[in-house]
Amino acid sequence: MIGSINAPIAGATDHFVLKEDGKYSFNTNGDVLIGTMSFQMTADEFDVSWFKLVPSAEYNPTSGIKISVTTTKRYEAQSTFRFTDEVASKEASLSNLVVSTGTIDTDNPDNSTYKEYPLTPTFDKDTLTYEIKLLEYLENMDITATTLDGKATLKIKVPKRDENGNLVYQADGTAIEYEEKEMLDKTPFNVILNKLGEPDTILTIISTAEDGKTKKEYQLTIKRPYATIKGKAILADFDDEGKVQDILDVYGVELNNRVDINLYKPNLAEWESIPDIYQIIYPDPFTYEKLENVAKETSISSKNDGTFEIHIIPGEYDVQITRLGYLDYIYSDVELNEGDVIEMGEIRLTAGDINRDGTISQEDINQVKQVMDMLNDNVDFLENYNPSQIGVVAQEDLNYAKQNQDKNLTIVYFNSNHS
């Protein structure tokens, strides 16, 4: 019989440990293949009884030998072989966890929007609970998990949502349902955040080691501090005598009080060239063209009855209540702290700003006359022309501009005592 046997291992692994005396010990809790031998027989019969592990003064082996005599074509020419440790890894730790938004443009770095958000506490593979306090108006973020040994598999548990993207609650109506999704190592996973005013976004990253049994769960809570503003917009309409009338009685049209509420960081009042309620005149005229170049912090629409409730990141804002065909109402310097609930009350917008310049003048009257009787299915029709909401530019729209001539948009310096 001639044959070959693989040589001793060349270095330590998780299971082969190099001891201080320069020798190796092997440790495992399960069955493992650590070596193979192959033989070419010179006789038809093969006696396996003499194969055994023999204890010595240095070694006391407890493993066994299994020999198959039915396998053919297994002979290999004599050479050096290496023992192979095939035990599955039990390492389930992450080496990093990153929360980010945006993208990296490697060709034009100036166009990159990538941003990372610090975890509290700083990431450590043995720390399993983290938190982020988010003070930005974001709808989603990327979560990137990196496994320590590259062999673990990942899943992420996220809030469950319906087909419209709304949170799904359990039968009690308060506890959020969660679902597990596959997650790839070192690959961003995009997560939809719970909205301001909703419960914290809680994410669980589940790392399962190669052995399929060992697991680690890292929990990340994204908190969104907020304050609340409430109010109701009212769109007034007038007849020829300056009296409030009901459009529904005359045209069968119910006035829709929906408005848009926009939040800005700049102080819009400083652009005003007309006196505000404190008779202060500012040098740089307010124009809507300028406003178009100012980024909104956030924007929502009220309900059709004009009521609104906005959840806002704490800070200082100018709040614009606006609808086409009406003069804007601006609350300046609204300072909001976490947990504040501010009631703005009823906000009455004045109709007739047809050309959208912040004041009702002869120009608005002239513009209504130029488009009189235009239907809302006309390609040139603008919502500005028809504050009466009748669906056709009518006498009521002209009455608005005449009745409210020389009125300007309203700027109110807000304080916490306002109601």
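Computed from the coordinates by the stated procedures, all read-outs in this text should not be read as laboratory data. Bear in mind that the values here come from a model prediction, so they are computed numbers and not experimental data. Cβ placement follows ideal geometry from the backbone for every residue including glycine, while neighbour counts extend to all protein chains displayed.
If amide H atoms are built 1.01 Å from N in the plane of the peptide, which residues on other chains or at least 5 residues away come under 5 Å of the amide H of Asp353?
Those lying under 5 Å, H to H, from Asp353 are Tyr326, Leu327.
Taking the highest mean first, how do the peptides 352-360, 111-119 order by number of other beta carbon atoms within 10 angstrom per residue?
352-360, 111-119
In the neighborhood of Val371, defined by Cβ-to-Cβ distances under 10 Å, what is the net charge if each Lys or Arg adds +1 and each Asp or Glu adds -1?
In short, -2.
Pairs Lys125/Lys213; Lys133/Lys195; Lys186/Lys213; Lys151/Lys223; Lys115/Lys223; Lys90/Lys157: which are spaced more than 20 Å apart, C-alpha to C-alpha?
Lys186/Lys213; Lys151/Lys223; Lys90/Lys157
Provide the packing ranking of 155-161, 167-173, i.e. peptides ordered by the mean count of other C-beta atoms within 10 Å per residue, highest first.
Averaged packing, sorted descending, gives the order 155-161, 167-173.
For Tyr169, enumerate residues with amide H under 5 Å from its amide H, sequence gap 5+ or separate chain, H modeled in the peptide plane.
Glu177
For segment 108-220, compute Rg over Rh where Rg is the Cα radius of gyration and Rh is the Kirkwood radius from the inverse mean 1/r over Cα pairs.
The Rg/Rh ratio comes out at 0.98.
If amide hydrogens are placed 1.01 Å from N in the peptide plane, which non-local residues have theirs closer than 5 Å to the one on Ser95?
Thr146, Thr147, Leu148
Please list, in order along segment 354-371, the HN-Hα scalar couplings obtained from phi with the Karplus expression 6.51 cos²θ - 1.76 cosθ + 1.60 (θ = phi - 60°), rounded to whole Hz, x for Gly and Pro.
5, 8, 6, 10, x, 8, 9, 9, 4, 4, 5, 4, 5, 5, 4, 4, 5, 10
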